[in-house]
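Structure record follows, encoded as structure tokens.
No lab work stands behind these numbers, since they all come straight from the coordinates. Here the structure is a predicted model, which means the values were calculated and not measured. Positions of Cβ are generated from backbone atoms using ideal geometry, with glycine treated the same way; all protein chains shown enter the neighbour counts.
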């Protein structure tokens, strides 16, 4: 099985693709598995630039195929200067944990009327002996509310305040078959194919 480093400490990101990649002969390992943590300044202007910074830095350190991934958050009702963009977890220079993120974003939603329309823009970059490959996609059609669901998804705290407009239910309370159908739109198959073709 081919080992590929996913340059992340977020278990939810790895879990999303791990099984499908194993079926194709690719084993995802993480920087925790390698006990390797580099200080990286993610100062890119968008998700692709930050993903590239991560992938390139870890590829240079390990010389194995590396996946870097980042995402930007855009909220329709917020002015440009208040957009989280690439700084979804870093607020006023501080890296927030899951609970702090839920608190910060629910307070933001309250300030703007109890509901905010959100969109994720994802960027993935692979650095390997074959060079550099880049890929980007969107996930939209949901909104944030000011009262969090009791359930949690470690690594993806904003799932707790995400509600799907077509059924007005929290993402974390939706049945598995609905999530699987939605995740097809989340482009998991496209991402897996991109990884397979570029490692």
inquiry  = Could you check the spin-label model distance between residue 82 and residue 179? Points 7 Å from the Cα along Cα→Cβ, value in nm.
reply    = 3.1
query = How far apart, in nm, are the 7 Å Cα→Cβ label points at residue 38 and residue 9?
reply = 1.6
query = Pairing the Cα long axis of helix 98-111 with the longest principal axis of the chain, what angle in degrees results, from 0 to 90 and rounded to the nearest 10?
reply = 40
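Based only on Cα atoms, what Rg/Rh ratio does region 2-198 have, Rh being taken as Kirkwood's radius?
Numbers: Rg = 16.9 Å, Rh = 17.6 Å.
Ratio of gyration radius to Kirkwood radius for region 2-198: 0.96.
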request  = Please give the contour-minus-distance gain from residue 27 to residue 63: 0.36 nm per residue of separation, less the Cα-Cα distance, rounded to one decimal in nm.
outcome  = 11.4 nm
query = Going by alpha carbons, how many degrees (0 to 90, nearest 10) lie between the helix axis of 188-198 and the longest principal axis of the chain?
reply = 20
key: Residues 164, 1, 124 arranged by fewest to most Cβ contacts within 10 Å   = 1, 164, 124
